[in-house]
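Just so you know, all these numbers are worked out from the coordinates, no wet-lab data involved. Computed from a prediction, not measured in an experiment: that's the story for all the values here. Quick reminder, even Gly has a Cβ in these numbers, built from the backbone with ideal geometry, and neighbours come from all protein chains shown.
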Amino acid sequence: MPDPIEVHKVPIGSVTDASGLAALIDEGVIEADRVLAVIGKTEGNGGVNDYTRILADRAFREVLTAKGTRTADEVARVPLVWSGGTDGVLSPHATIFASADPATAPASGEPRVSVGIAMSEVILPEDIGRPAMVEKVARGVREAMKLAGIDDPADVHYVQTKTPLLTLDTINDAKRRGHDVVTEDTLKSMDISNSTTALGIAVALDEIEMPAAEQIHRDLSLFSSVASCSSGVELDRAQIVVVGNVRGIGGRYRIGHGVMNDALDADGIWSAIRSAGLDVPARPHYSDLGDRLVNVFIKCEADPSGSVRGRRNIMLDDSDVHWHRQIKACVGGVAAAVTGDPAVFVSVAAVHQGPSGGGTVAAIADLG
């Protein structure tokens, strides 16, 4: 049986601020060597050249190295998944997952959070957007499930990944080795990396059959209900964090999930919160949550139809502000209104992650 899990959200006061993590360790809430993963939002542009992710990554790893006994190489293998871009009211923050001594955690026979982490095989530039990447991600997800003690895919409620995207250097590397790539548009490759990864998650969890090459990033009827995929320049394989529930593991936290069917679907967020075990009224208000909601994790996408609930919008036609930033700000505002907290995890580029024009939602609750 895996150890129980502690889950805590901390603010990030500047792009290199890891004081929230340091405080949790100094106050004895968690141990540095037990930190399993960090999932956070940084304040950059969210694009290919968003180096705030690298700065935050370095700051958090320095704290883990300084305050624990793991070597720098061991700390380098801890998944730190950073999603860039806090458009609108979104606030930079990090959610920290750490194992706990079973003797100190509340015993419970009810479902409680368990976490499994894995790194995929190296994802080559020519793999991105193709079945080879789907297969590599699926193998990594299955490995992470085993480490979390999860046998039934239905007990998985959130899979967060970070995968490589294409850059000029990696495109040229593929060409030197006699391979082509799915696109030479590096920003578009971010979306394609995310969508391909989501299909790998869906395959691993038996949500879909193995897709054909021509379905990747095209057949929008295929999706995972629990995938949340980000990509960046800082790695060459998939970092995978599987979060689900296991009975008997103990601890205070439970995770649930739902989907947003469109950018305004607040009910989809409330559905995930209820799935995490919180009893809220039929017409809930954020004041009903108290301090029991740790965080929500949401993927979003501009609807390819160019409309929401029958009303036309111009996000996909806007040449001044990329739709990535517009939809993130929109859904961030909806999520903050639901939770009463702007420090929510909202990430863009959600093809194959929830229904088209919507996205996946996971919620973690502290059930005390």
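Tabulated data for the structure shown
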{"item": "Debye log10 I(q)/I(0) at q = 0.17, 0.19, 0.23 Å⁻¹ for segment 47-98, Cα point scatterers", "result": "-0.59, -0.71, -0.94"}
{"item": "Ordering of 331-338, 51-58 by packing [mean C-beta count within 10 Å, highest first]", "result": "331-338, 51-58"}
{"item": "Among the listed pairs LYS175/LYS299; LYS67/LYS188; LYS146/LYS299; LYS67/LYS162, those beyond 30 Å (Cα-Cα)", "result": "LYS175/LYS299; LYS67/LYS188"}
{"item": "Share antiparallel - DSSP beta bridges, the chain, percent rounded to 5", "result": "75"}
{"item": "Segment 304-347: radius of gyration over Cα atoms, expressed as a fraction of 2.2 N^0.38 Å", "result": "1.28"}
{"item": "Under the Debye formula (equal points on every Cα, no solvent term), log10 I(q)/I(0) of segment 92-215 at q = 0.11, 0.17 Å⁻¹", "result": "-0.47, -0.91"}
{"item": "Rounded D (µm²/s) - segment 248-368, Kirkwood Rh over Cα pairs, Stokes-Einstein at 25 °C, 0.890 mPa s", "result": "167"}
{"item": "Summed side-chain charge close to ALA138 - residues other than ALA138 whose Cβ falls under 12 Å, Lys, Arg +1, Asp, Glu -1", "result": "-3"}
{"item": "Average Cα contact separation per residue, segment 271-367, under 8 Å, 6 or more apart, as relative contact order %", "result": "47"}
{"item": "Along each principal axis, Cα extent of segment 198-268, largest first, Å", "result": "44, 34, 27"}
{"item": "Gyration tensor verdict on segment 251-297 (Cα atoms; rounded if a/c is under 1.5, prolate if a/b is larger than b/c, oblate otherwise)", "result": "oblate"}
{"item": "Ordering of 97-104, 109-116 by packing [mean C-beta count within 10 Å, highest first]", "result": "109-116, 97-104"}
{"item": "Relative contact order, percent, the chain [alpha-carbon distance under 8 Å, six or more residues apart]", "result": "22"}
{"item": "Of all DSSP beta bridges in segment 157-257, antiparallel share, percent nearest 5", "result": "45"}
{"item": "Å³ per residue enclosed by the Cα convex hull of segment 1-50", "result": "109"}
{"item": "Convex hull volume of segment 1-160 per residue (C-alpha atoms, cubic angstrom)", "result": "146"}
{"item": "Rg(Cα)/(2.2 N^0.38 Å) for the chain, N = residue count", "result": "0.92"}
{"item": "Cα-centred dipole magnitude for segment 265-333, charges only on beta-carbon of K, R (+1) and D, E (-1), debye, nearest 20", "result": "80"}
